[in-house]
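The structure under discussion appears below in the form of structure tokens.
The values are calculated or read from the model by the stated rules, or taken from the named source; none is laboratory data. Since the structure is predicted, the reported quantities are computational estimates derived from the model, not experimental observations. A quick note on method: Cβ atoms are made from the backbone with ideal geometry, for glycine too, and the neighbour counts reach across all protein chains shown. The accessibility values were calculated without ligands, DNA or RNA, using every heavy atom of the protein model including side chains. Shrake-Rupley method; radii C 1.70, N 1.55, O 1.52, S 1.80 Å.
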Amino acid sequence: VQFRQMDLHDRILATVAECGLEPRHLEVEITETLVMENHDAAVHTLNQLDQAGVRVAIDDFGTGYSSLAYLKHLPVSTLKIDRSFIRDIPENEDDAAIVRSVIALAQSMKIDVIAEGVETRDQLEFLHAEHCHRIQGYYLSAPKNAKDITDFLHKPAEISFIH
């Protein structure tokens, strides 16, 4: 709903300024489907945000009906691979092929990539082997409230890859 508001760009920049945050430290996340619903307006808004320094992430990438041709016209800094493709890797060869392709596409376009819904060590190792170094999911942690996330972030990382 917020993305459809004509003054979204101005509201985001006003909020960033009010908080004393540099725009480059904010990443706005929108779904692929939302971008496709009104492509021209979405591109206009995303370009405004990009020009102001705000990063843009496309969430649930691969679940919509977009053409890859649209991706080159969007100022995207991050693609988030939908959990539906992560769930059955590395066992499901089709999902593994899709994940590999999205990672390769993102890297070749110099776009960050995040795998959503990582729940197992096997998934984590597969993603690491494919050079996807950013993940989200229960393997790292269940959702936490503000106090618990602060404590969690102060603990040393328990995941490392030393090969």
The chain, accessible area per residue, ligands and nucleic acids excluded (1.4 Å, Å²): 62
Spin-label pair residue 21/residue 48, simplified geometry with 7 Å Cα→Cβ offset, distance in nm: 1.8
Ellipsoid equivalent to segment 24-163 - semi-axes via the Cα gyration tensor, in Å: 26, 20, 13
Order by protection proxy (mean Cβ within 10 Å, highest first), peptides 70-80, 4-14: 70-80, 4-14
Relative contact order computed over the chain (Cα-Cα under 8 Å; 6+ residues apart), in percent: 15
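Using the Kirkwood radius over Cα pairs, work out the Stokes-Einstein diffusion coefficient for segment 72-115 at 37 °C and 0.692 mPa s, in µm²/s as a whole number.
Details: Rh = 10.8 Å.
After rounding, the answer is 304 µm²/s.
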Amide proton proximity set for residue 79, modelled H, under 5 Å, gap of 5+: 58, 112, 113, 114
Solvent-accessible area, 1.4 Å probe, carbon plus sulfur percent, for segment 1-125: 49
Principal axes of segment 41-103: Cα extent on each, largest first, Å: 42, 20, 14
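Quick check on segment 1-66: take the gyration tensor over C-alpha atoms, sort the square-rooted eigenvalues as a ≥ b ≥ c, and tell me if it's rounded (a/c under 1.5), prolate or oblate.
prolate
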Other-chain or far-sequence residues with amide H under 5 Å of residue 31's (modelled H): 59
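With a ≥ b ≥ c taken as the square roots of the eigenvalues of the C-alpha gyration tensor of segment 84-144, please select rounded if a/c is under 1.5 and otherwise prolate if a/b is larger than b/c or oblate if it is not? Let's see the in-between values first.
On the way: a/c = 2.05, a/b = 1.28, b/c = 1.60.
It is oblate, given that a/c is not under 1.5 and a/b is not larger than b/c.
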